[in-house]
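**Q** Have a look at this one.
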Amino acid sequence: MRASLDAGFSCPNIDGRCAIGGCTYCTSGASEFTEKGSITAQMKREEERIFKKFGETPLIAYFQAHSNTYAPLEILKEKYEEALSFPSVVGISIATRSDCLEKEKIDYLKELSERTFLSVELGLQTVSDKTAEKCNRGHNFDAFRDAFFRLKEAGIRVSVHIINGLYDETKEDMINTAKVLGKLRPDGVKIHLLHIMKNTVMEKELEKGIITPMTYEDYIETVCNQLRYLPKETVIERITGDGSKENLIAPRWSIDKIKVLGGIDKYMADNDFCQGDLFNI
C-alpha cells in the first residue's frame, strides 16, 4: 500500500531552469492528494488513514508531488531516510523527471535499491517530441531514454507514465508510444487518461477548442491495444487515473472508475486480446 508524500520539491519545468509554468496539464504535481508538513507528520497521517481502512499493512513511501530528485543530494537523503525510518515502511517509490537524475543521485539510488525496495517513476507521457513540445514538457524522448538506461544499468526498477488524449494524437500515435516503450522493457507502466483540470493551461485550451477530451469508447480501445505491445513481464500499475471531482473539468465519465476498468476487461475478453500478444511482432 502506498503512502503519498509531498516533500516540498519543485520542478525544473516550473521554476525556470528549463521552462516556466509546468506542463500544460499540470496543477500541483499530484500534491492535491497530500497534506503539507514534515515527512514524519505526513507519514503518521498516512499510516492512520491506511491502517484504519485496511488494517496494519506494509507501506511504500510514495514521493509523488512534483519532481522528487530535484534537490541537492543531501536533502534527498534526508527526506528519503526519514520516510524509511518508519517500521511500517518496506520500500520507497520516487516520481521524477528524466532531467533530474545526475550521476551522484543515481549512485545513491543504486545503494538505496540494494537495501530496500525502490522504484523510480519516470514521466514520459508520449514518445512524440512534437506533442511533448506542445505540452511544455521541457525535454525530448532522447533525454528520457538516456535516463531510463542509466537507471537500468544501475539495477534500479523503473516504472514509466504515459498519458492518452494529448492534443492531436490519434489512437495510432498513442499505441505507438506503447510500442516504442515496450521495446525498452520497463519494469512497470502507468497508463493515464488526460484529465483537464481547473486552473491549468489546458482548461483555457479546452475553452478555445485547442484540445478535445477523449471519449470513453476511444480510451477503452486505445488502452486495450496498448497493452498488446507491452511485455507480459511488465507490471501494469495503472490503467486509469484519479482526478479530484471538484477540480476535474473533463472528461467527467472518468469519475466512474469501475465502469472504466470493467470496460477494459470486457473489450480484452471480447476481442481475445492479452497483454504482450503483439510484443516484438
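The values are calculated or read from the model by the stated rules, or taken from the named source; none is laboratory data. Note that the coordinates shown come from a computational prediction; the quantities given were computed from them, not determined experimentally. Heads up, the Cβs are rebuilt from the backbone with ideal geometry, glycines too, and the neighbour counts pull from every protein chain shown.
**Q** Report every pair of residues separated by at least 6 positions or lying on different chains whose Cβ atoms are under 7 Å apart, first residue within region 1-16 and among the aliphatic types (A, V, I, L, M), second at pLDDT below 95 and assigned to a loop (DSSP other than H, G, I, E, B).
**A** Matching pairs, first to second residue: 5/34; 5/64; 14/21; 14/22.
**Q** Determine whether residue 11 is touching a His at 6+ places or on another chain (Cβ under 6 Å) and either more than 22 Å from residue 162 (Cβ to Cβ) or part of a loop (DSSP other than H, G, I, E, B) (or both). Outline the logic, then answer.
**A** Numbers: touching a His at 6+ places or on another chain (Cβ under 6 Å): yes; either more than 22 Å from residue 162 (Cβ to Cβ) or part of a loop (DSSP other than H, G, I, E, B) (or both): yes.
Considered against the rule, which asks whether it is touching a His at 6+ places or on another chain (Cβ under 6 Å) and either more than 22 Å from residue 162 (Cβ to Cβ) or part of a loop (DSSP other than H, G, I, E, B) (or both), residue 11 comes out as yes.
**Q** With respect to residue 40, is the statement that it is surrounded by fewer than 16 Cβ atoms within 10 Å (Cβ to Cβ) and not assigned by TED's automatic domain parsing to the domain that holds residue 195 true? Working first, answer last.
**A** Working: surrounded by fewer than 16 Cβ atoms within 10 Å (Cβ to Cβ): yes; not assigned by TED's automatic domain parsing to the domain that holds residue 195: yes.
Yes; evaluated as a whole, the condition is true for this residue.
**Q** Looking only at region 189-197, decide whether some residue is modelled with pLDDT of 95 or more, over 19 Å from residue 243 (Cβ atoms) and buried (at least 21 other Cβ atoms within 10 Å of the Cβ).
**A** Yes, the conditions are met somewhere in region 189-197.
**Q** Continuing with the same structure: Since residue 265 meets every condition but one in (1) closer than 24 Å to residue 176 by Cα; (2) touching a residue at least 40 places away in the same chain (Cβ under 8 Å), which condition does it not meet?
**A** Looking at each condition in turn, residue 265 falls short on (2).
**Q** A further question on this structure: In region 204-215, which residues are surrounded by 16 or more Cβ atoms within 10 Å (Cβ to Cβ) and closer than 22 Å to residue 268 by Cα?
**A** Filtering region 204-215 down to residues surrounded by 16 or more Cβ atoms within 10 Å (Cβ to Cβ) leaves 205-206, 211, 213-214.
Scanning region 204-215 gives a single hit, 214.
**Q** Of the residues 81, 114, which single one is surrounded by fewer than 22 Cβ atoms within 10 Å (Cβ to Cβ), closer than 22 Å to residue 38 by Cα and among the charged types (D, E, K, R)? Walk me through how you get there before you give the answer.
**A** Values: 114 fails: closer than 22 Å to residue 38 by Cα.
Being surrounded by fewer than 22 Cβ atoms within 10 Å (Cβ to Cβ), closer than 22 Å to residue 38 by Cα and among the charged types (D, E, K, R) holds for just one of 81, 114, which is 81.
**Q** Looking at region 178-198, which of its residues are in contact with a Leu (Cβ under 7 Å, 6 or more places away or on another chain) and either more than 18 Å from residue 141 (Cβ to Cβ) or free of Cβ contacts under 8 Å to residues at least 40 places away in the same chain (or both)?
**A** 194, 195, 196, 197, listed by residue number.
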